[in-house]
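A.B. asks: I have a structure I would like to understand better, so I am pasting it below and will then ask my questions one at a time.
The values are calculated or read from the model by the stated rules, or taken from the named source; none is laboratory data. Since we're looking at a predicted model, the values are computed, not measured. Here the Cβ is made from the backbone with ideal geometry for all residues, glycine too, and neighbour counts use every protein chain on show.
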Amino acid sequence: MHMNETNKPASTGLNVVIEENVTFGKNVTVGHNVVIKEGTIIGDNVTIGDMTVVGKRPSSNRKMARKPPAALPPLVLGTSVTIGCGSVLYRGSTLGEGVFVADLSSIRENVTVDTDSIIGRNVIVENNTRIGKRVTVQTGCYVTADMIIEDEVFIGPCCSSSNDKYMGAGNFSHTGPIIKKGAKIGNNTTMLPAVTIGENAIVGAGAVIVKDVPAGTTVVGNPARQIRP
Amino acid sequence: MHMNETNKPASTGLNVVIEENVTFGKNVTVGHNVVIKEGTIIGDNVTIGDMTVVGKRPSSNRKMARKPPAALPPLVLGTSVTIGCGSVLYRGSTLGEGVFVADLSSIRENVTVDTDSIIGRNVIVENNTRIGKRVTVQTGCYVTADMIIEDEVFIGPCCSSSNDKYMGAGNFSHTGPIIKKGAKIGNNTTMLPAVTIGENAIVGAGAVIVKDVPAGTTVVGNPARQIRP
Amino acid sequence: MHMNETNKPASTGLNVVIEENVTFGKNVTVGHNVVIKEGTIIGDNVTIGDMTVVGKRPSSNRKMARKPPAALPPLVLGTSVTIGCGSVLYRGSTLGEGVFVADLSSIRENVTVDTDSIIGRNVIVENNTRIGKRVTVQTGCYVTADMIIEDEVFIGPCCSSSNDKYMGAGNFSHTGPIIKKGAKIGNNTTMLPAVTIGENAIVGAGAVIVKDVPAGTTVVGNPARQIRP
């Protein structure tokens, strides 16, 4: 980011809370009733919609096997990032230039979203996930922790992923799905932990992905089976 | 709407933002921390819950093939509309008399929701969609763009629809599903683009609708197959 | 709850609305732009995130067959409860000691969530549901009304349940699923009304549960069929 730091947004709504040590680039627009938490770094031309929280620290209860890290770097919103209304973005993540995050979404800590990618309304992204460039994650998707989504992937609405083969039965290692470059996933698809969806593969709507999908193939059904080529 | 315009709500919470040229009918109740954007038209006896944004303008990033329209008519909330908490309603849409929109929902631009219909919690409705009278869209549904839902349709929780056969692969025309009068859709159903679900058809929970469902029939499964009559 | 009542939180953010007769225990932390409705009872060491509404009264429109009860006891948040940002909790429910409710979630009236259970982000819980101790309801789940979830159940992300066999066709009795102790449900599972999932049963991701699942068995598919033992 080529930042021209200032100590306030170019335009600020009413009832806005800006905590300490927040850095603003040029031409930042902040909506009404927004909360910007301590230390957040906001690039040039960023727009933050009404009622959004940026830079939240993670928390936990005593049942959770995995505690969030005690120290996290600030949330960084790159140049020309747009955030919708009513969203919650955590500290420790970085959104690249031109990223669009729609309303009522949430992105946890240690996530990167690269240039020009779109995170739809009501999408929830867990921690430690990598999302590439020009990716579309459509409305209502759930992106689990420890997941890798490469460049130019398209994920249709309401897709669900998971990363815990043992479903909470202990502190085993977790692995989210890997979606390779250019793959396209139909709406309401279910992905099991650790599956790889190959380059330019196509997954039909409503499929349940229980094993790897080879590059360039098309799969459908529950469990998903290959129908092309 | 038979409006008796006034320039403020009958009851207003704290930390409320009312932008310019908002019109209020009689007996309007506005909760705490609500944002009402410029030009919104609010009918008699409307209730707006805490933390809700009404009249948002759409935005986009440079990756999006479809840019939102530059000019949009105001959002119109008809007589006795009730909006929950934490919702986001866009400019350019119209909610008819008695419509109920629950918490944490969002309705985009150029949508009409007709008399007495119910939009559940966490439901997301995309742009250019028509929802008829006495429709129920239950909690967590995703209603895609360019979709038609006729009168007295019942859509169970968590149903997902889509409108883009090519999954982002260019600027082709999009067509959402058409759900005809009186059809009933079970929970977590997946609808592919451009399918028609006939009058009074019944779709079993978890079905994946890949082709048209004839009127009066019952379908289940992935892909959905007819089991009745 | 061993409460040491005070008349304000130990720490309060900006733009907070506290209505009448709210009771606070010791060491309560309230974020920015929070709304705490009339009569809410908040235990010791509770944390409430930014932009959250606690103690909302239910509402309805004239189409709804079931009207919410006119009178409801207060919402009770037990000792050490943690609530995320942007959530909406209703009056008439009780969260036990150590319960964790993540961001953008909603819990309706007459729900109990027992000790140390976790309600993930974007989870929606309907009214009259009982959730036991040490339960995990992961991100994006929909928990229908009149449902029973026993102790130590694990429900993966994006699971959907329903309670109305007749899909809105009248005022029949509703019964949600019963999930018995220790059962584990994979992500994006669909549960039909009134099914029982037995103790320690395992439901594979993407399954559609149309009938009871015996204790200790594993089921997968649409419709779900037993694959183990």
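A.B. asks: Any residue at all in region C:160-171 that is out of contact with any Pro (no Cβ under 6 Å at 6 or more places or on another chain), aliphatic (A, V, I, L, M) and over 17 Å from B:Ala205 (Cβ atoms)?
C.D. replies: Within region C:160-171, not a single residue is out of contact with any Pro (no Cβ under 6 Å at 6 or more places or on another chain), aliphatic (A, V, I, L, M) and over 17 Å from B:Ala205 (Cβ atoms).
A.B. asks: May I pose another question? Which one is farthest from C:Asn127 (Cα to Cα) among residues in region B:85-124 that are within 8 Å of the chain's Cα centre (by Cα) and at the interface with another protein chain (Cβ under 10 Å from one of its Cβ atoms)?
C.D. replies: B:Arg108
A.B. asks: OK, next. Taking the condition surrounded by fewer than 20 Cβ atoms within 10 Å (Cβ to Cβ), away from every other protein chain (no Cβ under 11 Å) and either over 14 Å from the mean Cα position of the chain (by Cα) or of a type in the set (Gly, Ala, Ser) (or both), does A:Lys181 pass?
C.D. replies: yes
A.B. asks: Anything in region A:151-167 that is surrounded by fewer than 20 Cβ atoms within 10 Å (Cβ to Cβ) and within 13 Å of chain C (Cβ to nearest Cβ)? List them, or say none.
C.D. replies: A:Lys165, A:Tyr166
A.B. asks: In addition: Which one of these is out of contact with any Asp or Glu (no Cβ under 6 Å at 6 or more places or on another chain) and surrounded by fewer than 20 Cβ atoms within 10 Å (Cβ to Cβ): A:Ile148, A:Ile119?
C.D. replies: Going through A:Ile148, A:Ile119 in turn, just one is out of contact with any Asp or Glu (no Cβ under 6 Å at 6 or more places or on another chain) and surrounded by fewer than 20 Cβ atoms within 10 Å (Cβ to Cβ): A:Ile148.
A.B. asks: Sticking with this structure for a sec: Restricting the search to region C:28-48, which residues are without any contact (Cβ under 8 Å) to a residue 24 or more places away in the chain, part of a strand (DSSP E or B) and within 8 Å of another protein chain (Cβ to nearest Cβ)?
C.D. replies: If the condition is that a residue be without any contact (Cβ under 8 Å) to a residue 24 or more places away in the chain, part of a strand (DSSP E or B) and within 8 Å of another protein chain (Cβ to nearest Cβ), then C:Val35 is the only one that fits.
A.B. asks: Let me spell it out: the conditions are (1) closer than 20 Å to A:Thr29 by Cα; (2) buried (at least 22 other Cβ atoms within 10 Å of the Cβ); (3) touching a residue at least 24 places away in the same chain (Cβ under 8 Å), and B:Gly25 meets all of them except one. Which number is the exception?
C.D. replies: Among (1) closer than 20 Å to A:Thr29 by Cα; (2) buried (at least 22 other Cβ atoms within 10 Å of the Cβ); (3) touching a residue at least 24 places away in the same chain (Cβ under 8 Å), the lone unmet condition for B:Gly25 is (1).
A.B. asks: Only residues that are part of a loop (DSSP other than H, G, I, E, B) and either β-branched (Val, Ile, Thr) or at pLDDT 95 or above (or both): list them for region A:62-86, please.
C.D. replies: Residues satisfying the conditions are A:Leu72, A:Pro73, A:Pro74, A:Leu75, A:Gly78, A:Thr79, A:Ser80, A:Val81, A:Gly84, A:Cys85, A:Gly86.
A.B. asks: Regarding region A:49-61, can at least one residue be identified that is in a strand (DSSP E or B), in contact with a Gly (Cβ under 8 Å, 6 or more places away or on another chain), crowded, with 23+ Cβ neighbours inside 10 Å and more than 14 Å from chain B (Cβ to nearest Cβ)?
C.D. replies: yes
A.B. asks: Being out of contact with any helix residue (DSSP H, G or I) (no Cβ under 8 Å at 6 or more places or on another chain), among the acidic types (Asp, Glu) and within 29 Å of B:Lys67 (Cα to Cα) is the requirement here; does B:Asp212 meet it?
C.D. replies: So B:Asp212 does not fit the description; no.
A.B. asks: Quick test for you: out of C:Lys8, C:Lys56, C:Lys67, C:Lys63, pick the one residue that is free of Cβ contacts under 8 Å to residues at least 40 places away in the same chain, farther than 28 Å from B:Gly78 by Cα and among the charged types (D, E, K, R).
C.D. replies: One residue alone meets the criteria, C:Lys8.
A.B. asks: Please go through region B:205-222 and give me each residue that is surrounded by fewer than 23 Cβ atoms within 10 Å (Cβ to Cβ) and either at the interface with chain C (Cβ under 10 Å from one of its Cβ atoms) or without any contact (Cβ under 8 Å) to a residue 12 or more places away in the chain (or both), ordered by number.
C.D. replies: B:Val220, B:Gly221 - these are the residues of region B:205-222 that are surrounded by fewer than 23 Cβ atoms within 10 Å (Cβ to Cβ) and either at the interface with chain C (Cβ under 10 Å from one of its Cβ atoms) or without any contact (Cβ under 8 Å) to a residue 12 or more places away in the chain (or both).
A.B. asks: Still on this structure: Confirm whether A:Ala194 is part of a loop (DSSP other than H, G, I, E, B), modelled with pLDDT under 95 and either within 22 Å of B:Ala205 (Cβ to Cβ) or more than 9 Å from every other protein chain (Cβ to nearest Cβ) (or both).
C.D. replies: Here the answer is yes, as A:Ala194 does meet what is asked.
A.B. asks: In region C:181-229, how many residues are touching a Lys or Arg at 6+ places or on another chain (Cβ under 6 Å) and over 19 Å from A:Ile209 (Cα atoms)?
C.D. replies: The total comes to 3.
A.B. asks: So in region B:125-136, with the set limited to residues that are within 16 Å of C:Gly168 (Cβ to Cβ) and part of a strand (DSSP E or B), which one is farthest from the other protein chains (Cβ to nearest Cβ)?
C.D. replies: Here the residue is B:Ile131.
A.B. asks: If you go through region C:197-223 one residue at a time, how many are hydrophobic (A, V, I, L, M, F, W, C) and part of a loop (DSSP other than H, G, I, E, B)?
C.D. replies: 5
A.B. asks: Please enumerate the residues belonging to region B:87-115 that are under 17 Å from C:Pro58 (Cα atoms) and outside any strand (DSSP E or B).
C.D. replies: B:Ser87, B:Gly98, B:Val99, B:Ala102, B:Asp103, B:Leu104, B:Ser105
A.B. asks: If only one of A:Thr139, A:Thr175 is part of a loop (DSSP other than H, G, I, E, B), in contact (Cβ under 8 Å) with a residue 24 or more places away in the chain and surrounded by fewer than 20 Cβ atoms within 10 Å (Cβ to Cβ), which one is it?
C.D. replies: Selected residue: A:Thr175, the only one of A:Thr139, A:Thr175 that is part of a loop (DSSP other than H, G, I, E, B), in contact (Cβ under 8 Å) with a residue 24 or more places away in the chain and surrounded by fewer than 20 Cβ atoms within 10 Å (Cβ to Cβ).
A.B. asks: Which of the residues spanning region B:70-108 are of a type in the set (D, E, K, R) and either surrounded by fewer than 21 Cβ atoms within 10 Å (Cβ to Cβ) or without any contact (Cβ under 8 Å) to a residue 40 or more places away in the chain (or both)?
C.D. replies: Across region B:70-108, the qualifying residue is only B:Glu97.
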